[in-house]
Every structure is written in C-alpha cells, then in structure tokens.
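What follows is a single structure, written as structure tokens, with notes after it.
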Amino acid sequence: MTGYGARMTPASQIAGLDFAELFQMHAPVSARRIVVAMSGGVDSSVVAALAAASGAETIGVTLQLYDYGAATGRKGACCAGDDIRDARAVADRLGIAHYVFDHESAFREDVVERFADDYMAGRTPIPCIRCNMGPKFTDLFAMARDLGADCLATGHYVRRVIGAAGPELHRALDPARDQSYFLYATTEAQLDFLRFPLGGLPKPEVRRLAEAAGLRNAAKPDSQDICFVPDGDYAKIVRAIRPEADAPGEIVHAATGEVLGTHRGVIHYTVGQRRGLEIGGQAQPLYVVGIEADSRRVLVGPRVMLGVSAARIDETNRIGPVPDGPLTAKVRSLAKPVPVMVDGPLGDGAATTIRFAEPEYGVAPGQAAVIYAGERVVGGGWIAGTTSAIQE
Ligand SMILES: Nc1ncnc2c1ncn2[C@@H]1O[C@H](COP(=O)(O)OP(=O)(O)OP(=O)(O)O)[C@@H](O)[C@H]1O
C-alpha cells in the first residue's frame, strides 16, 4: 500500500492487529484530520480506534439526539446519556478529542414529529432514514467541515467503492449487517466526504478489534430498535405527540365495501398486516390493503389484493449513473431485492415510478424503495402510492 507505511506509528499496532492497515484497507483516505461520528456503541468506537491508529488527528463527535433514558430506564441504543458517557470513555482511552452537540430539538422536529405525522397519515415511516438524511449526515457533515476534517467516518455497515464515475455506495460484505437500505438518500457530495471502515468486516471481527483495543463497550449489545422507541411501543410515542391518535374508525372490506368492525386508530395498522385486526369469522385470511387516514378507514382484503405491479416514489435520490443493466429494488428493510424497471427520472428529488417484474406484496406507503444494480445502491425514494396488480 503506497504512502501508507510512512504514516505508521507505534499505536497502529494493537495486540498484534494492524489497525492502521485495516483503516486504509476499508476506508482509504489520505487524511490529516478525521471526524468520527461516535454513538457510544461498539461499531463507531472501533471506527474511532481505527482512525486514531491511522496517524490522522481524530476527533470524535456525538450528537445528543433524544434522552429517553430517564423515562424508560433502558440502556444501549444510540442517544441516551449512558451512550454519551461510553463515547467519551472510548475517546479518552484512545486519547482523541471528543465533542458532544445537543441536537435534541432538531431531532424531535425532523425525525420524531415526522414519524408521528406519518403514522397519523396512514403511512409506515422509517425514522432511521430521516435521521441519516438530517442529523447524521447533513448536520454532522457541516460540523466535520467546520472542524477542518478531510472526512467523516461512521460505523454504518456499507461500503464506499471507487467506480468509473466516482465513489459508489455498495452493500456491506456481511449481508446480515448491511445498512445500505437506510442510506440510499446519501448525496454524492456527502458520499465523497464519508468513510465507512466497517462495511467490509464481519461483526465478530469488529468485536474482536474492540476487545483488542481494550474498549469498554466491546461486549455492549447491538442497538436493535428505533432509538426513541426502546420498548418497541411506537404507538405510545405517537400518542404522546398526537393525543388524537387513538380516534377509532371502520375496518372495511376493500372489495365489497362491507364494514367488518371497528379499529383503535389508524396508527396501529400497516399495509400487509394480518394479525391484530380483530375481525374474526372471515371465510379467508384478510390483510390490511390500504389506510385512508382522512376518513380513518382501514381497508382489508384477501392476499391477492396486496399484490402491486408498480409503486410511485417521491423525493428520489440517485447516486451515480443509472446503468442499462438489470435493476432490483427493496421495498422494506428486510425484503429481498426484486427485479424492477425505473419508469421516469431518478434523483434530484423527482417523483418517479418503479415497475415490478412480478406482483410485489406488502408495499407500504411511507417505507423506502431502494434501487440496486447488483451490489451498488443506485438510489431510491419514499413510497407514496401503489398500483394494484389486479387492476392492470
Ligand atoms: N448519536 C450519535 N452521534 C454521532 N454519531 C452517531 C450517533 N448515532 C449513530 N451515529 C453514527 O451512525 C452510525 C450508525 O448508527 P446506528 O444507530 O445504525 O448504530 P450501530 O450500527 O448500532 O453502531 P454503533 O455500534 O456505533 O452504535 C454509528 O456507527 C455512528 O457512526
């Protein structure tokens, strides 16, 4: 690796592992100053350890986003006070500067209130994408630039690969950890400046590095939930922000118009949902096939009514050129990518349509559709509406 040997310092070797080489292998950069987004979790702590070992001046930045710790007593997700303390302790151990910025009000407005409004409008939101678009990349990006950094490194599991037209965003090597779905809205300018040193590493290796570096959070559990919904009870959060969320309404058969029952508020339903409908005695299983927020009607129907042939997507982003070859799309974070055609412009916030080669099930407005060319993220947008496969 040319040039890199010159930057080797004794600290680049920790417990026989070459942290500096790992950083250059997975996040090649010739940086004098690196800002690391430190959540207090093990992943971004290892990124900080790798960056510090690279010989560049490393600065840790933690955003205080939402302090639910006092209310729930839960520890271990991205924004509570304990996490800030963990980030500070790791920075101290590594001998790097560490700053904490209070972003609670911006996070509340851009992420939490939007989350509540989306549910109220009958959508199924993904706040982590809004958070990546707003506080994490836009705000951290500006801070890193203000701090005179040459790059911003995070613990996201995605890969930044240099292609013919510039940096590309690729899925992580470890499919179980891949976070590319949550990062489709990354702009090209952001990607230019970002580094993701963990995208090519399996998680057990990351924990091994954390142990080798003596980081106190090496065994800390992974954060699994939405950070401001630590117990999974998102309805409680929505109700706290929008007390009218519990307004009941009708459950209506989408094909016959028959009223089958009463529901507890549209926020409790998601397109594709089957359980918890409390409309027993039906001849066949019924699923939520649509939510009409204005009239507070939840529409249900047999599985065949869930199949969609196309989805309209809004506020699209594109990263690099759209290739001529085959494309796939993921319409939920855990969905398998399926073959699609993009019918319209992609990027610069344009609205467009994706057409599925086969009917796709459980496509819920408010989720993101992320478009891939093989391993590469080409772009994506928010699902705004769908076309039923049986109407075509
Ligand atoms: N509050 C925060 N302040 C600064 N950066 C953050 C914060 N929360 C998350 N990040 C950055 O975003 C990355 C991905 O966040 P995510 O919530 O997915 O955490 P994660 O994959 O569990 O990683 P970690 O183990 O570092 O918490 C983190 O690795 C970190 O670089």
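The values are calculated or read from the model by the stated rules, or taken from the named source; none is laboratory data. Bear in mind that the values here come from a model prediction, so they are computed numbers and not experimental data. Heads up, the Cβs are rebuilt from the backbone with ideal geometry, glycines too, and the neighbour counts pull from every protein chain shown. SASA here: full protein model, heavy atoms, side chains in, ligands and nucleic acids out. Shrake-Rupley method; radii C 1.70, N 1.55, O 1.52, S 1.80 Å.
In table form, for the structure just shown:
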read-out: Full-extension gain in nm, Ile241 to Asp82, via 0.36 nm per residue minus C-alpha separation; value: 54.8 nm
read-out: Surface share of carbon and sulfur [accessible, 1.4 angstrom probe, percent] for the stretch 307-388; value: 53 percent
read-out: Relative contact order (%) - the stretch 336-392, alpha-carbon pairs under 8 angstrom, separation at least six; value: 26 percent
read-out: Mean accessible surface per residue for the chain, computed with a 1.4 Å probe while every protein chain stays in place, in Å²; value: 44 Å²
read-out: Linear extension gain, Glu109 paired with Lys336, 0.36 nm per residue minus alpha-carbon span; value: 78.5 nm
read-out: Förster radius 56 Å - calculated FRET efficiency between Ala142 and Gln282, Cβ distance, rounded to 0.05; value: 0.60
read-out: Sum of -39500 (n - 2.57) over DSSP H runs of 4+, divided by residues of the chain (222 nm, nearest 500); value: -6000 deg cm²/dmol
read-out: Accessible-area ranking of Lys336, Lys136, Lys330, largest first, probe 1.4 Å; value: Lys336, Lys136, Lys330
read-out: Between the stretch 321-392 and the stretch 140-191, the Cα center-to-center distance that results, in Å; value: 21 Å
read-out: Label point 7 Å beyond Cα of Asp314 along Cβ direction - residues of the stretch 130-154 with amide nitrogen under 16 Å; value: 130
read-out: Calculated P(r) of the stretch 273-325 - Cα pairs past 19 Å, %; value: 51 percent
read-out: Cut-off under 5 Å, modelled amide H: who pairs with Gln367 long-range; value: Thr124, Ile383
read-out: The stretch 149-256 - percent of accessible surface contributed by carbon and sulfur, probe 1.4 Å; value: 53 percent
read-out: Of Lys220/Lys336; Lys136/Lys203; Lys203/Lys236, those spanning more than 26 Å from alpha-carbon to alpha-carbon; value: Lys220/Lys336; Lys203/Lys236
read-out: Loop-located GluC sites (Glu not before Pro) in the stretch 144-248 whose Cβ has at most 10 other Cβ within 10 Å (DSSP); value: none
read-out: Shape category assigned to the chain from the gyration tensor of Cα positions, a/c cut at 1.5; value: prolate
read-out: Prolate/oblate/rounded call for the stretch 247-305, Cα gyration tensor, a/c under 1.5 rounded; value: rounded
